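See structure below.
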Amino acid sequence: MPEEKIEGDAVDDDKLMLSPGTVTVIRPQEMKGEQKNLPELLKQVPGLHVIELKGRGAYTTASVRGSTSSQVSVYVDGVLMNLGSESAVDLSTIPVENVEKIEVYRGYIPARFGGASMGGVINIVTVKPKEAGGSLNAGIGSYGRFRGGFTYNTPLGGGALLASANYERSDGDFDYWNDNNTPYTPTDDYKADRQNNGYKNSDVLVKWSDDNWTIEGGWKRNDRELPYAAPGADKPDSRPGAHQVTDQWNAIVSRRDEIGDLSYGIRFEYLYQTKEYDDPENMLGGWGDQHNKYETRRFGTAFDGALPIGERHMLEFLWNYYNEELHTKGDVVALGGREKHTRNTWNGQIQDTISLNKNGDFWLTPIIRWNSAEGETEFSWGAALTKQFTGGWTLKLTGGTYNRAPNMYELYGDGAFVVANESLEWEDGRQYDASIAWKGKISDADVTAELTYFYRKSNNLIDYVMTNPRYAQYRNIGEAEVSGVEFEATAKRGKWDAYLSATYMDSKNKTPGYMYDEPLPNRPKWEALLRVSRKILRDDRGTIFAELHHIGENYYDMQGEVGWDDLTTFGLGFKYQINDSLKLVAGVDDLFNAGPDVLLFATGNGPERTLWYPIQGRTFYATLIWTF
């Protein structure tokens, strides 16, 4: 169904309206005030692993069902956040204060998302403008954290206008035990404060819409310090580290309408981004590559529609086009980097939802895709079979092929650390999954649950390879194979609510002669999250909640020799509706301060040691929200 017809609470009741495959829907407004950023919200999604190599607020990406981060497509109000000039989307830079819902698609990807995403799709939808009113919020937390925001809605010109501005900052200066880069000599270990670990995020959103038109403009800035590896480095006399400031502006104009039975949409979008990198003390770079600026301009247009054909078919289609330019200035140009890059891409796809019986509870959904980049076009396909049974049971089977063109960053490098490789080939692969879902009652509790087995095989996999101690290059390293099981369940009974997600994943390199049968890095074998809440006090004005998160058996390297200890964190908090317009939220993440105790291990190579980038531990927070 067209997207504008499937928004609202009905989606949570029937995810089949979003996709015949596996999808998880997150409602950030339900956790407003808990000071969660996008990566922390995504940690509750089964099959998705958030990669935070350098800590909260630092460069953060996602892997879905063992994919690389570059294989995951991220959309915000229909704008594709994946740029050809970057290896993957930095999730820490995407604001969530005004997000209505986050949809995470795995396996089968519906036609309304362009391209053949091998990993999956993270679709972020901001709130719609509505009746007059607004909100103010302000929050504080450990390690110099502050968050503040303002949102206002008003009727305007036959529609409604939303204006919002938010700001967030943190020093990130938590303490931990540093082994001084000498794990064999514990006598010189010391208690250190994490340095050069702060960030500041700002964003502004203006959005107007009526029954047909939507006009939207936004700006966001991510101003972050780039911490260096911690062992032996965090000392009072340490020099300042590198610094990076990213500004991004985007504008969207779209229209949705109907002609007879055809529902269609047309959209135009523009994105402009600047990224400035400065390393005055040359702490992270070397050989003069410490002052650089990258400017990206991208124009895009799309046409999509949905057309019922008879009583048994719902035909959906999408065509989109992007023109992207990257201009590079600074030391990387002097070192041989290209000053200008240009890329043209387009995607076309057709999907048909076919009802296979008169009862309307058995569907076949095939999809055909054409993806083009740099004049080369590749074809892929997918299909989903869905059957609903009595008693609240649903069976889903999906499968298909996927592909991804190497982006500009992978092809042309950065002129400093990453060497160009213009002979890179497209990645391709296949996937299938099988799900059984159930919805019903257990002891007066409303329960929904879904169990999914998934398998993925990738060919011509593009990965980052060190060619010598100084340089690296993206190469087609060969093959990878991932299989696993996802489980997701919700239960509601009276004043109680519970959510559970769990993933088991076995990811292996299958390239003959190159790390064959070794685990892929940053794909934990086990991951699970449990969240429980209960309403308390008169008129249910209060809510207490607890959250338990576990990550187990995770590696840094492709040899399966260097990795993290298991990490289990426990959070606790409460919400109190002071009056109809004022709400207080307070709590603590990682109550038992487990993060800083996580160590790095090297199989058969000495004792455990300090992580290169230690994990922030116990963090208190409090937020006050005023709605008017």
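Listed by first and then second residue, the pairs linking a residue in the stretch 105-125 that is farther than 15 Å from residue 366 by Cα and aromatic (Phe, Trp, Tyr) to a residue that is assigned to a loop (DSSP other than H, G, I, E, B) and modelled with pLDDT under 95, with Cβ atoms under 6 Å apart and 6 or more places separating them unless they lie on different chains, are 105/19. Would you confirm whether any residue within the stretch 610-619 is basic (Lys, Arg), assigned to a strand (DSSP E or B) and either over 19 Å from residue 48 (Cβ atoms) or modelled with pLDDT under 90 (or both)? No: zero hits.
The residues of the stretch 105-161 that are more than 30 Å from residue 57 (Cβ to Cβ) and part of a strand (DSSP E or B), listed by number, are 133, 154, 155, 156, 159, 160, 161. Just one residue in the set 464, 455, 432 is within 24 Å of the chain's Cα centre (by Cα), at pLDDT below 90, hydroxyl-bearing (Ser, Thr, Tyr) and part of a strand (DSSP E or B); that residue is 464. The residue that is nearest to the chain's Cα centre (by Cα), counting only those in the stretch 51-75 that are assigned to a loop (DSSP other than H, G, I, E, B) and among the β-branched types (Val, Ile, Thr), is 60.
Could you tell me which residue of the stretch 541-560 is modelled with the highest pLDDT, considering only residues that are closer than 19 Å to residue 66 by Cβ and assigned to a loop (DSSP other than H, G, I, E, B)? Applying the filter and picking the extreme gives 553.
Candidates in the stretch 313-345 are the residues that are outside any strand (DSSP E or B) and charged (D, E, K, R); of these, the one that is modelled with the highest pLDDT is 339. The residues of the stretch 583-609 that are in a strand (DSSP E or B) and either touching a helix residue (DSSP H, G or I) at 6+ places or on another chain (Cβ under 6 Å) or β-branched (Val, Ile, Thr) (or both), listed by number, are 585, 588.
Of all residues in the stretch 556-585, those satisfying the criterion of being touching a Lys or Arg at 6+ places or on another chain (Cβ under 8 Å) and surrounded by 18 or more Cβ atoms within 10 Å (Cβ to Cβ) are 575, 583, 585.
Counting only residues that are within 13 Å of residue 87 (Cβ to Cβ) and of a type outside the set (D, E, K, R), the stretch 394-420 holds 9 of them. In the stretch 175-208, the qualifying residues are those that are surrounded by fewer than 17 Cβ atoms within 10 Å (Cβ to Cβ) and in contact with a helix residue (DSSP H, G or I) (Cβ under 8 Å, 6 or more places away or on another chain), and the one that is nearest to residue 250 (Cα to Cα) is 175. Summed over the stretch 292-308, the residues that are touching a residue at least 40 places away in the same chain (Cβ under 8 Å) and not acidic (Asp, Glu) give a count of 10. Do you know which of the residues in the stretch 411-428 that are assigned to a strand (DSSP E or B) and in contact with a helix residue (DSSP H, G or I) (Cβ under 9 Å, 6 or more places away or on another chain) is nearest to residue 485 (Cα to Cα)? It comes out as 427. Note on the stretch 517-551: residues that are within 25 Å of residue 53 (Cβ to Cβ) and free of Cβ contacts under 8 Å to residues at least 12 places away in the same chain total 1. Assess whether residue 101 counts as being touching a residue at least 40 places away in the same chain (Cβ under 8 Å) and surrounded by fewer than 18 Cβ atoms within 10 Å (Cβ to Cβ). When the stated conditions are applied, residue 101 does not pass them.
The values are calculated or read from the model by the stated rules, or taken from the named source; none is laboratory data. This structure is a prediction, so every number in the text was calculated from the model and none was measured. Every residue, glycine among them, receives a Cβ derived from its backbone with ideal geometry; neighbour counts consider all protein chains shown.
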